[in-house]
Amino acid sequence: MMTYRGKQSLIQLAELLVLKGVNTAVLSPGSRNAPVIAALNRQPGIKCLSIIDERSAAFFALGIAQQTRMPVALSCTSGSAPLNYAPAIAEAYYQQVPLIVITADRPPDWIDQGDGQSIRQNNLYANYIRKSYQLPPEPHNDTALRFNARLINEAIDASMHPVYGPVHINIPLSEPLYDEGDEAGPPTPFMGQVKVKPHLEQTDIDELARIWNSSKSKLIITGLLPPVAGLNKLMGQLADDPTVVVFTETTSNLHGPHFFPHIDQLIEGFSSPKGCGLAPELLVTIGGHVVSRKVKAWLQQCHPKAHWHIAPGYHHMDTFRNLSLSIPMMALDFFREFIHFIHPATGDYRIKWQELAKAKYIKHATYMQHCPWSDLKAYELVLAILPKNCMIQAGNSTPVRYLQLFDMPEGSTCFGNRGVSGIDGVVSTAAGAAFSNPALTVLFVGDLSFLYDSNALWNRNLTPNLRIVVINNNGGNIFRIIEGPSSMPELETFIETPYVPDIRHIANMFGIDFYSVSDETGLKTCLPMFLDQGMKKSAILEIKTSNKLSAEVLKRYFQSLQS
């Protein structure tokens, strides 16, 4: 096999990636990382994709890993290029998505010596990385190569255990970069790792079961979760207990007849911390971040007797300011064990919530019958026609919140960058997800988020199953909805920033099919064409609404739920 003279460490890297199940690499062009590109591209078993913009490339890789739950390799040149990976790495860290970030670097003796494209890259992502490794510069002898292989083995394993997340491999490379040779190195040492799951001690199970079985009102809130086979059934079994209520969000990917999916709609109008007598004795949270600001505010005042948080990772996530116990396990593993030690109780806790949900749904339906053209109406119309088993990608700020108010299509999944919740990289992530999942993928995104990541379209790997719905209300409409910014004189000039170039020109520049509507009739006419799964390439649907009217319509909507 063709190799690079003096670049045996890169051959080891490519071989070990394949041996540990990594089969996709997203590469950005550069000179310093050219040997890395060659090693990965020439390694059988790795599919290499080229994306020029490093920020977009990293989010695209995140989207692939989000769907496959396997690490995706990234490679870029030295200098400022790896800094552009940072937003996606932070998102991957907090969302627990596995990435192998491979940055080419100058040799250590050239750092801070006035050489071009050189910065301090070792431990570059220290605050939001599972682990960082710097490979030894140019290992030639067998001892150095074995050490090199051990570091690579550890790095790849660290992206998947004990929790998923990004790891960083920084590789100092000396000149000449393009000197190819045909000498073969020693066999690459493969070092496996047994993945051990946390296990509950019987004394802990007994105490947890005592608390659970003695609690007359138990509220389970599910945050950000990928679809997990078996978890939905287990949660459904728990929800059969009349003293158990399960709150889900669109990004929870859990669905059941006894679940409560519209949290904001449900608790709107609670006039006291106890929320109409519905505050739980026991609060149990699973998964990642919760979108609903309303439920956070309510539960921070409720002070349940106990709050358990169940999620892999060894830090205390005290979102509701009442955490009493962290259980560092996958929810599926925990409930598989725990369910055998608990029993249904008698009570009316779930019935109270069901009665409230029914009343709120009637008010929701009544309001939507007469809802004028606005962001809220547009979401209702699009979601009503989406096909079964599609994938929804939720943009941050208003899109993910509007999606919470409506039922999702049957069999659909929903994902969003809710680790850090930034607007950067939303389109790129959706594009990566669509690349790795054949389902029709519909991204709901605001105009500013779309424009901020418009380089996502500068990508020859876009697939025809990607549909991008851009809600163009001429600026950051979230700031007209949340309290505070809407009353500031700086709102329009500095906060909302209502400067939106013609999106049609962006679509034309990248050869993307484009549709634009500005009223209900136009949207209903356009949607069947836009969602046609026989299309040969990606498409954008721009939905134009009024920012001021949309904000007012949403405020009136929540007021109607209180009446």
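Rule-based calculations on the coordinates, nothing more; no lab input. Since the model is a prediction, treat every value here as computed from it, not as a measurement. Please note: Cβ atoms are built from the backbone with ideal geometry, for glycine as well, and neighbour counts cover all protein chains shown.
Find which of Ala551, Asn148, Ile169 sits farthest along the positive direction of the dipole of the chain, computed with +1 on the beta-carbon of Lys and Arg, -1 on that of Asp and Glu, about the Cα centre.
Checked the options; the winner is Ala551.
Between Ala144 and Val196, what FRET efficiency comes out of the Förster formula 1/(1 + (r/R0)^6) with R0 = 30 Å and r the beta carbon distance, rounded to 0.05?
Values: r = 31 Å, r/R0 = 1.02.
That pair, Val196 with Ala144, gives E of 0.45.
Separation of segment 147-225 and segment 393-413 by C-alpha centroid, Å?
Taking the Cα centre of segment 393-413 as reference, the centre of segment 147-225 is 30 Å away.
Determine which aspartates and glutamates satisfy two conditions relative to Lys548: a Cα distance under 13 Å, and not lying fewer than 8 residues away in the same chain.
Straight-distance partners of Lys548: Asp375, Glu492, Glu496.
Please state the Cα pair-distance histogram of segment 202-351 with 5 angstrom bins from zero: what percent is in each bin?
2, 9, 20, 26, 23, 15, 5, 1, 0
At a Cα cut-off below 27 Å, give the lysines reachable from Lys7, other chains included and same-chain residues fewer than 8 away excluded.
Within reach: Lys20, Lys47, Lys131.
In Å, what Rg and Dmax follow from the Cα atoms of segment 1-71?
Cα radius of gyration and Dmax of segment 1-71 are 12.3, 37 Å respectively.
I need Arg321, Arg467 ordered by Cβ neighbour count within 10 Å, fewest first.
Working: Arg321 12, Arg467 27.
Least crowded to most crowded, the residues run Arg321, Arg467.
Take the alpha-carbon centre of segment 267-339, take the same for segment 97-137, and report the distance between them in whole Å.
Cα centroid to Cα centroid, the span is 38 Å.
Taking only the alpha carbons of segment 495-560, what extent do you get along each of the three principal axes, in Å, biggest first?
Rounded to whole Å, the extents work out to 44, 28, 16 Å.
Treating the beta-carbon of each Lys and Arg as +1 and of each Asp and Glu as -1, no other charges, what is the dipole magnitude of the chain about its Cα centre, to the nearest 20 debye?
Details: 47 positive and 50 negative charges, 243 e Å.
In total the dipole reaches around 1160 debye.
Note the count of lysine pairs whose C-alpha atoms are less than 27 angstrom apart in segment 298-416, limited to pairs 8 or more residues apart or on different chains.
Step by step, the pairs that qualify in segment 298-416 add up to 10.
Between Gln562 and Cys48, with labels modelled 7 Å along Cα→Cβ, what's the label distance in nm to one decimal, could you check?
So the label points at Gln562 and Cys48 sit 6.0 nm apart.
With a bin width of 5 angstrom, please list the P(r) values of segment 393-465 as percents of all Cα-Cα pairs, from the 0 bin to the one holding the largest distance.
Reading upward from the zero bin: 3, 17, 28, 25, 19, 7, 1.
Taking the Cα centre of segment 202-351 as the origin and placing charges on Cβ (Lys, Arg +1; Asp, Glu -1), which of Val228, Leu332, Leu278 is farthest toward the positive end of the dipole?
Comparing the listed Cα positions along the dipole, Leu278 ranks first.
Sort largest first and round to whole Å: the equivalent ellipsoid semi-axes of segment 319-413, each the square root of five times a Cα gyration tensor eigenvalue. Intermediate results must be reported in sequence, preceding the final value.
Numbers: eigenvalues 216, 82, 47 Å².
Working from the Cα gyration tensor, I get semi-axes of 33, 20, 15 Å.
Find the percent of Cα-Cα distances in the chain that exceed 36 Å, and round it to a whole number. If you can, show how the numbers build up before the last one.
On the way: 63658 of 158203 pairs.
Summing the P(r) tail past 36 Å for the chain gives 40 percent.
Taking every DSSP beta bridge that has both residues in the chain, what percent is antiparallel when rounded to the nearest 5? Display every interim value, and only then the final one.
Working: 2 of 69 bridges.
If I count the DSSP bridges inside the chain, around 5 percent turn out antiparallel.
Please sort 502-513, 161-172 by packing, taking for each peptide the average over its residues of neighbouring beta carbons within 10 angstrom, highest first. Intermediate results must be reported in sequence, preceding the final value.
Numbers: 502-513: 14.6, 161-172: 22.8.
Averaged packing, sorted descending, gives the order 161-172, 502-513.
Calculate the spin-label point distance for Met488 paired with Ala229, positioning each point 7 Å from the Cα along the beta-carbon direction, and give it in nanometres.
Simple spin-label model gives 4.8 nm for this pair.
Can you pull the Kirkwood radius for segment 371-562, inverse mean 1/r over Cα pairs, to one decimal in Å? Provide the component values of the computation, followed by the final result.
Values: mean 1/r = 0.0596 Å⁻¹.
Final number for the Kirkwood radius of segment 371-562 is 16.8 Å.
In whole Å, what three semi-axes, largest first, describe the equivalent ellipsoid of segment 32-99 built from its Cα gyration tensor (square root of 5 times each eigenvalue)?
Values: eigenvalues 75, 53, 15 Å².
Equivalent ellipsoid semi-axes, largest first: 19, 16, 9 Å.
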